[in-house]
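*Asks:* Handing you a structure now.
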Amino acid sequence: MRLKKFYYLLFVFIAFYNCKEKEYSEEIYEKPVIIKEAPSNFLSPEESMKTFYLPKGYKVELVASEPMIDEPVTIAWDGNGRMYVAEMNTYMQDVDGTGTNRSISKIKLLEDTDGDGKMDKSTVFIDSLLLPRMMLPLENELIVNETFSYDLWSYKDTDGDGVADKKERVYYNPNRRGGNLEHQQSGLIWNLDNWVYTTYNPIRFKFKEGEVQVDSLDIMPRGQWGLTQDDMGIMYYSSAGSENPAYGFQQPAVYGDYNPPGRLSKGFMEPWPVVGTPDVQGGPKKLREDNTLNHFTGVAGQEIFRGHRLPPSTYGDLFIPEPVGRLIRRAKVKVEDGKKVLYNAYDKAEFMASTDLNFRPTQVKTGPDGALYIVDMYRGIIQESNWTKKGSFLRPVIIRKELDKNIGKGRIYRIVHEDITPDKRPNLLGKKASELITYLGHPNGWYRNTAQKLIILKNDASVVDELKAIAMDNTSFLYGLFNSDRDLGIERVHALWTLEGLGIIDKELITAKFKDEDPRVRITALRLSEHFLKSDDTSLFSDLEKLINDTDTEVVNQLALSLRYSKDKQATALLNTIAEQYSQNEIVAHAVKESLKKDDTKLAQLKKRIANRGLNDKKSVLNGYESYNQLCATCHGPDLKGLPTEDGGLIAPSLIGSPRVIGDKKVLSKILLNGLIGPIEGKEYGIMVPLKNNSNDYIADVLSYVRAMNNEGGVHKNVVRDAREESKEREDYWTLEELLK
């Protein structure tokens, strides 16, 4: 007995020692003096780095800068840690955006050949692109999307010289992507569920056995620039257009866009820059007395940090770049009764802020080395030309500060900690699937996701038994006593999803995982059980019923989400039982409510609404429905009633019952063609941007959908044609007063 007690105490001591985090100082540097009106002249990378404010212990290291890179917007790594950098070389080269649509942008391939963390080799991997915005490295190829296009292209370097020499289109959509430059899709992220997602588009892709599968999702979140995922594949969206720094993160995107009140803590929307912000589109009302930004506006390129070479307290935090405010927010993600709530990690301060007016962080990323990377477009103008026209607030500010002169540069940094050494570059390409399996439990999420992706791309069935063995192993506690850097729970999650990616969905394994000690594994098993629920298999219901009383609310919520895929009356009975037991929990109650709708989707309701219309009219409305949800929903909301702000207002006015929508079709067409500015019924909203670059058909379709939702007839493309002709000489936005005349 004494020996047993000794071993027990020894285990407790080891567990305490391993689980205790080293205490890192998170104190902010002494409160900086706010610079109300900073100069706009260019600084060298070394000079610019001196303007950065970071918490004690953190420091910035330069990874790459001009002339090696020019106008960088996004980065991605291949399995060996080589960095692809997408450049928008024609973006806002003057205040009017002259020459934006020239196909001269590039994707460069950077390498750190000596392992010091700084790139020292660069090649132009792809030339002559139109503003590339999405990249996905696969095994030996790079998938790319360009602005104004839905197409996906595969580029390969077959001779190893760092330059792509083989190009193939792997997804084709003949339509031109609508909207202006800022309202285009981004992302192309390989999610935990093995689907590849983008923002805006209600479709997702799967890359398998050299083919691309496409799946439609008409209820997923939309988002703008930036897309990231946490350990469980839940994605975080943002939208600069609606000044929304984070949303869509309550549940996996496949279940729809759900943004409950209170997901952002009180005061979260207020940023804390260290420099005055003269060039904010909203003008003086967006500024404090000290001239600093008082509300998030240019949110972009966010990242859930999943690296292992910063203090452990940073793991799972959301980092949000704000290029207009020249800062990066660090948000803590806390789960409160099942609801994820974001809090600023600091009191009236930011993780990173700069007094350099040209510091324009457009993206942050978890690096293979475990550090946090920052893409700094480093330029004067960050807003697109629709917001810098004559008559705009921004234009005279840009000219006064000479921000239009600051082009042609760019920097990439990494954030490290003075007490932690980043890892060396990875070496995953060329490894066998059996060798990659060990990385599924790596403490760095980049390794786990990359290994899963590469195993699936190899499609090697010889590793199935080993993956099943990992998934079945429930020894997380004992292993964790001696291995504090490895999370076997999340390793089992990746093993299960890797099996799914290889086409193995084992009912016996899934049933066993309903009882796994880790709630994350139970949640994964529930998601995988949907394969059987969709095929009307009722054999799992006795096991699913037991999960109603699971000790983890998130497991019960996932059960409610997954049951929507069964039409069987047993699924309805289970959902009603969950509803009774969790009536006071808004997250679970919402999941139950949505799942009980079963096949009653928004699209089905729309088709029912227009059932008696002619074929061409139906086609126009349904096309408009898709376009609206890709673009207009960002501000007007998916229900057309205006997207709510945290303070109870609306980003844009409601389109339901709007006299402009149900009124003169030509006037309505003119609003879309040239945009709208100024008060609407006594209230100020943001600028309605022009859509004149889109075809008459596109605009007519959008208007037909909006009017259909008001039970009004459609808009023919000839009406838009006539409105375009009447206003062809006009460059400025309309005001409502002018249109009413």
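The values are calculated or read from the model by the stated rules, or taken from the named source; none is laboratory data. It should be emphasised that the depicted structure is a prediction, and the values quoted were computed from it without experimental measurement. A quick note on method: Cβ atoms are made from the backbone with ideal geometry, for glycine too, and the neighbour counts reach across all protein chains shown.
*Asks:* Return yes when Asp537 is acidic (Asp, Glu) and closer than 30 Å to Ile504 by Cβ and no when it is not. Steps first, answer last, please.
*Replies:* Values: acidic (Asp, Glu): yes; closer than 30 Å to Ile504 by Cβ: yes.
So Asp537 passes the test.
*Asks:* Let me ask something else. Would you point out the residue of segment 577-591, among those that are more than 29 Å from the chain's Cα centre (by Cα) and touching a residue at least 12 places away in the same chain (Cβ under 8 Å), that is surrounded by the most Cβ atoms within 10 Å (Cβ to Cβ)? If you could, list the steps in order and put the result at the bottom.
*Replies:* At the first step, the residues of segment 577-591 found to be more than 29 Å from the chain's Cα centre (by Cα) are 577-584.
Adding the requirement that they be touching a residue at least 12 places away in the same chain (Cβ under 8 Å) leaves 577-579, 581-582.
Working: Thr577: 14, Ile578: 23, Ala579: 17, Gln581: 14, Tyr582: 20.
Ranking the candidates gives Ile578 first.
*Asks:* Kindly indicate the residue of segment 143-171 that is more than 23 Å from the chain's Cα centre (by Cα) and among the hydroxyl-bearing types (Ser, Thr, Tyr) and also farthest from Phe205 (Cα to Cα) among those meeting that condition.
*Replies:* Ranking the qualifying residues of segment 143-171, first place goes to Thr158.
*Asks:* Is segment 85-96 home to any residue that is among the charged types (D, E, K, R) and crowded, with 22+ Cβ neighbours inside 10 Å? Give the steps one after another, and end with the answer.
*Replies:* Here is the first cut: in segment 85-96, the residues among the charged types (D, E, K, R) are 87, 94, 96.
Imposing the further condition that a residue be crowded, with 22+ Cβ neighbours inside 10 Å reduces the set to 87.
Yes, the conditions are met somewhere in segment 85-96.
*Asks:* Still on this structure, I have one more. Mind listing just one residue for me: the one in segment 602-633 that is within 16 Å of Glu712 (Cβ to Cβ) and basic (Lys, Arg) and, of those, surrounded by the most Cβ atoms within 10 Å (Cβ to Cβ)?
*Replies:* Across segment 602-633, the extreme among qualifying residues is Lys618.
*Asks:* Further question: Looking only at helices (runs of 4 or more DSSP H) that lie completely in segment 669-741, which have at least 1 residues being in contact with a Lys or Arg (Cβ under 8 Å, 6 or more places away or on another chain) and not hydrophobic (A, V, I, L, M, F, W, C)? Full working, then the answer.
*Replies:* Values: elements: 696-708, 717-726, 736-740.
The qualifying helices (runs of 4 or more DSSP H) are 696-708, 717-726.
*Asks:* Looking at (1) within 19 Å of Pro252 (Cβ to Cβ); (2) surrounded by 20 or more Cβ atoms within 10 Å (Cβ to Cβ); (3) at pLDDT 95 or above, which one does Leu574 not meet, given that it meets all the others?
*Replies:* Of (1) within 19 Å of Pro252 (Cβ to Cβ); (2) surrounded by 20 or more Cβ atoms within 10 Å (Cβ to Cβ); (3) at pLDDT 95 or above, only one is false for Leu574: (1).
*Asks:* Additional query: Applying the selection to segment 105-148, what residues are of a type in the set (Gly, Ala, Ser) and buried (at least 20 other Cβ atoms within 10 Å of the Cβ)?
*Replies:* We begin by selecting, within segment 105-148, every residue of a type in the set (Gly, Ala, Ser); these are 105, 115, 117, 122, 128.
Listed by number, the list holds a single entry, Ser105.
For (1) within 19 Å of Thr297 (Cβ to Cβ); (2) touching a helix residue (DSSP H, G or I) at 6+ places or on another chain (Cβ under 8 Å), each residue gets a yes or a no:
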| residue | (1), (2) |
| --- | --- |
| Glu211 | no, no |
| Met220 | no, yes |
| Trp225 | yes, yes |
| Asp230 | no, no |
| Phe249 | no, no |
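*Asks:* A follow-up question, please. Can you pull out every residue in segment 67-109 that is touching a Ser or Thr at 6+ places or on another chain (Cβ under 7 Å), free of Cβ contacts under 8 Å to residues at least 60 places away in the same chain and more than 30 Å from Pro396 (Cβ to Cβ)?
*Replies:* If the condition is that a residue be touching a Ser or Thr at 6+ places or on another chain (Cβ under 7 Å), free of Cβ contacts under 8 Å to residues at least 60 places away in the same chain and more than 30 Å from Pro396 (Cβ to Cβ), then Met68, Ala86, Ser103, Lys108, Leu109 are the ones that fit.
*Asks:* Of the conditions (1) assigned to a helix (DSSP H, G or I); (2) touching a residue at least 40 places away in the same chain (Cβ under 8 Å); (3) not aromatic (Phe, Trp, Tyr), Glu517 clears all except one; give me its number.
*Replies:* (1)
*Asks:* Mind counting the residues in segment 370-425 that are within 23 Å of Gly81 (Cα to Cα) and of a type in the set (Lys, Arg)?
*Replies:* Matching residues across segment 370-425 total 4.
*Asks:* How many residues are without any contact (Cβ under 8 Å) to a residue 60 or more places away in the chain and either in the same structural domain as Lys121 (by TED's automatic domain parsing) or of a type in the set (A, V, I, L, M, F, W, C) (or both) if we restrict to segment 160-214?
*Replies:* Of the residues in that region, 9 qualify.
*Asks:* Now for a separate question. Identify all residues within segment 275-312 that are small (Gly, Ala, Ser) and under 22 Å from the mean Cα position of the chain (by Cα); write none if there are none. Walk me through how you get there before you give the answer.
*Replies:* Taking segment 275-312 first, the residues small (Gly, Ala, Ser) are 276, 282-283, 298, 300-301, 307.
Hits for segment 275-312 are Gly298, Ala300, Gly301, Gly307.
*Asks:* For segment 564-607, enumerate the residues that are assigned to a helix (DSSP H, G or I) and either among the charged types (D, E, K, R) or at positive phi (or both). Can you show your working first?
*Replies:* The first filter runs over segment 564-607 and keeps only residues assigned to a helix (DSSP H, G or I), leaving 564-565, 569-581, 586-596, 602-607.
Once the filter is applied, which keeps residues that are assigned to a helix (DSSP H, G or I) and either among the charged types (D, E, K, R) or at positive phi (or both), segment 564-607 yields Arg564, Lys569, Glu580, Glu586, Lys593, Glu594, Lys602, Lys607.
*Asks:* Can I ask one more? Give just the number: which of (1) modelled with pLDDT of 95 or more; (2) out of contact with any Leu (no Cβ under 8 Å at 6 or more places or on another chain) does Ser239 not satisfy?
*Replies:* Tallying (1) modelled with pLDDT of 95 or more; (2) out of contact with any Leu (no Cβ under 8 Å at 6 or more places or on another chain), Ser239 fails exactly one: (1).
*Asks:* Considering only segment 299-317, how many residues are over 20 Å from Asp419 (Cα atoms) and polar (S, T, N, Q)?
*Replies:* Of the residues in that region, 1 qualify.
*Asks:* Among the residues that make up segment 378-401, is at least one of them among the aliphatic types (A, V, I, L, M), surrounded by fewer than 19 Cβ atoms within 10 Å (Cβ to Cβ) and under 19 Å from the mean Cα position of the chain (by Cα)?
*Replies:* Initial filter on segment 378-401 (among the aliphatic types (A, V, I, L, M)): 381-382, 394, 397-399.
Next, only the ones that are surrounded by fewer than 19 Cβ atoms within 10 Å (Cβ to Cβ) stay: 397, 399.
Now narrow it down to the ones that are under 19 Å from the mean Cα position of the chain (by Cα): none.
No: segment 378-401 contains no residue that is among the aliphatic types (A, V, I, L, M), surrounded by fewer than 19 Cβ atoms within 10 Å (Cβ to Cβ) and under 19 Å from the mean Cα position of the chain (by Cα).
*Asks:* Checking Lys567 against (1) over 26 Å from Leu457 (Cα atoms); (2) modelled with pLDDT of 95 or more, which single condition isn't satisfied?
*Replies:* (2)
*Asks:* In the list Ile687, Ile651, which residue meets the criterion of being out of contact with any Asp or Glu (no Cβ under 8 Å at 6 or more places or on another chain), closer than 28 Å to Pro245 by Cβ, in contact (Cβ under 8 Å) with a residue 24 or more places away in the chain and surrounded by fewer than 21 Cβ atoms within 10 Å (Cβ to Cβ)? Steps first, please.
*Replies:* Numbers: Ile651 fails: out of contact with any Asp or Glu (no Cβ under 8 Å at 6 or more places or on another chain).
Going through Ile687, Ile651 in turn, just one is out of contact with any Asp or Glu (no Cβ under 8 Å at 6 or more places or on another chain), closer than 28 Å to Pro245 by Cβ, in contact (Cβ under 8 Å) with a residue 24 or more places away in the chain and surrounded by fewer than 21 Cβ atoms within 10 Å (Cβ to Cβ): Ile687.
*Asks:* Another question about this same structure. Taking segment 406-419, which residues are crowded, with 17+ Cβ neighbours inside 10 Å and more than 20 Å from Ser122 (Cβ to Cβ)? Let's see the steps before the verdict.
*Replies:* To start, the set of residues in segment 406-419 that are crowded, with 17+ Cβ neighbours inside 10 Å comprises 406-407, 409-417.
Correct list: Asn406, Ile415, Val416, His417.
*Asks:* Anything in segment 608-633 that is in a helix (DSSP H, G or I), touching a helix residue (DSSP H, G or I) at 6+ places or on another chain (Cβ under 6 Å) and either among the hydrophobic types (A, V, I, L, M, F, W, C) or in the same structural domain as Tyr565 (by TED's automatic domain parsing) (or both)? List them, or say none. Let's see the steps before the verdict.
*Replies:* The initial filter retains those residues of segment 608-633 that are in a helix (DSSP H, G or I), namely 608-609, 615-633.
Imposing the further condition that a residue be touching a helix residue (DSSP H, G or I) at 6+ places or on another chain (Cβ under 6 Å) reduces the set to 620-621, 623-625, 627-628, 631.
Hits for segment 608-633 are Val621, Leu631.
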